[in-house]
Each structure stands twice: as C-alpha cells, then as structure tokens.
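One structure is given below, encoded as structure tokens.
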Amino acid sequence: MEDVKYKARFVYAEDYGTGYFKYGPITLGEVPRIMPSRGLLLRDLPESMKLLVPRDVLSRGVVVGDEVSKYLSSLRDAIRNLKYPLHDGIVRREDEDAWRVIREMTRFTIAQFHSEAAKQGDYKGFLVVAALSALAPDYMKERFVELHGDVNRELGGNAVRAVTVIDQPFAVAIAEKAVTCIVIEAGHGNTQVVPISYGPIRDGIVALNRGGAEANAITREVLKDAGYGDLARDDYVVEVVKREAGLIPRDLDEAIRRARSEPDKFTVAIKVNPLVTIELKEYSWMRFLIGEILFNPNHEIFRSYTQQGRLTIEDVTVGDMVFHGEMSLSDAVVNSVRRTPVEIQDKVLSNVILSGGSFNWKPPPEGLRDIAVTSPEKVKIMMSKLSPELAERINVKLVNDPQFSVWKGSIVYGYALPLNVKWNERTKEGWYFLT
C-alpha cells in the first residue's frame, strides 16, 4: 500500500520524441509539459557575452528549452551549434554532443519539479520512466540509465529514486489497454510500425525515414511555389501553414484534379498573425501534398521535388536497421504483419493504433469530405487498395491525444510496475535504483 501511495505522487514520465520532449510527474494529470528536443552548445562565445552568462550555464556549456532562443541571436555559428539529438530516434554511441544535450534536457526538466516534491517528508526521488524509440539499441538504454544517475547526483542525490525504460509504441499500447495490436507511432523525424503481443515483437518492427519533418519540408516548398519564399524560411510560419492548410486526400490524383478544376472550393487563407495572411488560391491543390507525404511519397510530384534537390526522401541505415524513405505506410504495415506469428496476424490487424503528432490533423472541412479524409480512414483506404480482404479485417483508430499518448502510457507503466521488479541487464526491464 505504501508503494501505491508513493507512486500516485512520484511516478515521473519522459517521452524522448524526435521533435518534442514531453515530461512531468503523474500529478500533472492528462497533459505533460513539452519543449523542443534540441539544445544549443555554447561554443565560440564572445568574451563580452561570457560576462553575462551565468557561471553554472557556462560550466555545462549547453542550454535547452526557452533558454535556447535567448542565445540564438547572439551566438556566432548558432545553427552549427544547434543540436537535435533525437532526429531519427537513435543517438549514436560516439555522438557526445547529442548526449550532452539529452543530459541537460533531463536535468533541466526534472529540476522543475524536484524542489517542490522535496518539501514532502516521504519523498525519496522520482520513479522515472524514460520512453525511447522501439529502435533504440541496448547501449542507448544503458546510457539513459547512467545519465539519470548523473542528473540525480547533480541535483543533490535524492531527485531520482529509480529509473526504467520503455519502448514508445509499447507505452501507447498500454495507454490504450491493447494486448495484441500494431502501433504506428509517427513523430517528427520518423515513423515506427510495431506489432505488439503482450510486448513488442521486435522482428516485426518496420521503420520509415519520414514524419512531421517531411510534412514541414513539403509545406516549405508549397510556400515558395505560391510566392511566399521569404516566409518559407520561418519555422513558425511553416508549422502554422502545415496545420491549417494540410489535407489528407482520399486519392491524390483525384484530389489534385478536383482542386485544379474548382480552385475556389479548395482555396484557403491562413492568418499567421494580424499582419501576415497567406492565401494559396490557384495553388490550393498543393494542400494535398502536405497530407499525403507521410502516407505515400511515391507520387511523381514528390519525385519532381526530389529530382530538383528541393526535397529529400531516402533510405537510411542506422546500425542494422533500415529506415525506409519511400515505402508506403500500407506496405510497411503488411511487411510488419508478415513477420509476426501466423496465428496472431488476424488479431494484430484487427487493432491498428495510430499515435504521434504527425497523425494529428484537423478533420476535413464541410464540403470536402468526399475528397479529404482522416488519418485512420487513409490507412484503411490504402490497405483496401492492396487487398479488399485486408480492408475487411483491419480496424484502425487514432488515439485521443496523439501527441501525449506515449507519456500517458509511460505513467501507467510506472504506476503498475512493482518496485520489487529490479533492472534486468539482459532484457533491459525493471527498476534501476539510484538511491
């Protein structure tokens, strides 16, 4: 009973996403805190600036969170020193700059809650669940345990009581109470297709080298083609236009044909702020490129962008894992299912769960629902084109909070995992106690 009461206050989850880091204790309820998964390495500081930077910041040599924007305009070679350590979900063993940023992200965020929690008499440190990509190799899991030990020592030795690691798709399955399923987790940098039966089936994992970043990239090109090249350089503008203009087509060719023949019906005006409004008008057909690229980048229009060097969609090999660039999402699902035991394939297909911010699109507007669809509808349509029989078997749903499902599942996992289950070096499961 004492453990249950302790967990109800001090379980703490971290979702190390490719684009955003979601974090915080169980007491936050349904919504974690969030910040970009990036850090700025304080190299080449002018001597005058060193006088203004706090000594502890100088000693760490890296800033994260809101502090990044404070230094960006003043630091020479800022872009070179801006590090996105989790671009494809895997941190290379030798990439010490990436590990410095991750360590500081972890320290900076735990510190936000530690001092208040320490006022409670029975507090012995947070029980931390770190959610990593299902593709993360064992050395990454070991390093994350170690860096939490470093953070704990820096914060006084009682900030982290114990730490464990969970795969992001498995956390989604836990949040959805799904025992046997496929989780498709689409983040900013990649998409993980992971079959699950009481745990991830690792032989069935398929990785796609695209996510929200590719939707941003094609949005940037849309803005350039529509005459907004100056605004296309602004990441905030690109993100706003992507979310407000992007539509997932039922069929890309038909959507383009309709939008070109009836541009007034598909036009959109996006008010970025009181001074900036973007109108696509005759370029309204390009809205469907933004929604299509995650699902199937094989269309000749995307190839025209890649051939011009304006867009990159390619296979990448990291360790022994291939991240497929152009493989369609439906082919990825089929390839994943075929690698699972035959007796569970029907069960896995009957529960396909979509999670991650890259699936989180607004519903199609009134008047366009015959041509634009939601993410679950798109997956089912793509599967039906592969096989009508598959379409009858498959059931696809989007989680209620695509951006926060991993964090919520990690909280549930931390609450349910008994404290007497100690860290197993072989399976990389259980609690690793630091205090």
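The values are calculated or read from the model by the stated rules, or taken from the named source; none is laboratory data. Treat the numbers as computed from the prediction; the structure is a model and nothing was measured. All Cβ positions, even for glycine, are placed from backbone atoms using ideal geometry, and neighbour counts span all protein chains on display. Note: areas computed on protein heavy atoms with side chains; ligands, DNA, RNA excluded. Shrake-Rupley method; radii C 1.70, N 1.55, O 1.52, S 1.80 Å.
Annotation for the stretch 276-295 versus the stretch 327-404: alpha-carbon center distance of 22 Å. Rolling a 1.4 Å probe over the protein chains gives TYR84 an accessible area of about 110 Å². Ligands, DNA and RNA left out, the accessible area of the stretch 295-435 computed with a 1.4 Å probe is 47% carbon and sulfur.
Note: relative contact order over the chain, using C-alpha pairs below 8 Å and six or more positions apart, is 19 percent.
Say we join alpha carbon atoms closer than 10 Å with springs in a Gaussian network model of the chain; which of VAL406, VAL421, VAL64 then has the biggest fluctuation? Highest fluctuation among the options: VAL421. For the set LEU42, LEU289, solvent exposure ranked by accessible area (probe 1.4 Å, protein chains only) runs largest to smallest as LEU42, LEU289. Tell me the carbon and sulfur percent of the accessible area for the stretch 67-163, rounded to whole percent, probe radius 1.4 Å. Its accessible area is 47 percent carbon and sulfur atoms. Helix 405-416 and the long axis of the chain differ in direction by around 30°, with both axes built from C-alpha atoms.
For the chain, the solvent-accessible area with a 1.4 angstrom probe is 44 square angstrom per residue. When the Gaussian network model of the chain links Cα atoms closer than 10 Å, the mean-square fluctuations of LEU58, LEU155, LEU82 top out at LEU58. With n ≥ 4 as the cut-off for DSSP H runs, can you work out [θ] at 222 nm for the chain, using -39500 (n - 2.57) per run divided by the number of residues, rounded to the nearest 500? Mean residue ellipticity, 222 nm, calculated: -11500 deg cm²/dmol. The DSSP beta bridges internal to the chain are antiparallel in roughly 65% of cases.
Of the residues HIS299, ALA117, GLY189, the one whose Cα sits farthest towards the positive end of the charge dipole of the chain is ALA117 (charges of +1 on Lys and Arg Cβ, -1 on Asp and Glu Cβ, taken about the Cα centre). When the listed pairs LYS177/LYS408; LYS242/LYS362; LYS5/LYS141; LYS7/LYS124; LYS177/LYS385 are checked against a 19 Å cut-off, the alpha-carbon distance exceeds it for LYS5/LYS141; LYS177/LYS385. Listed values for the stretch 144-149 are Karplus-derived 3J(HN,Hα) couplings in whole Hz (6.51 cos²θ - 1.76 cosθ + 1.60, θ = phi - 60°), namely 5, 5, 4, 5, 5, x, and x replaces Gly and Pro.
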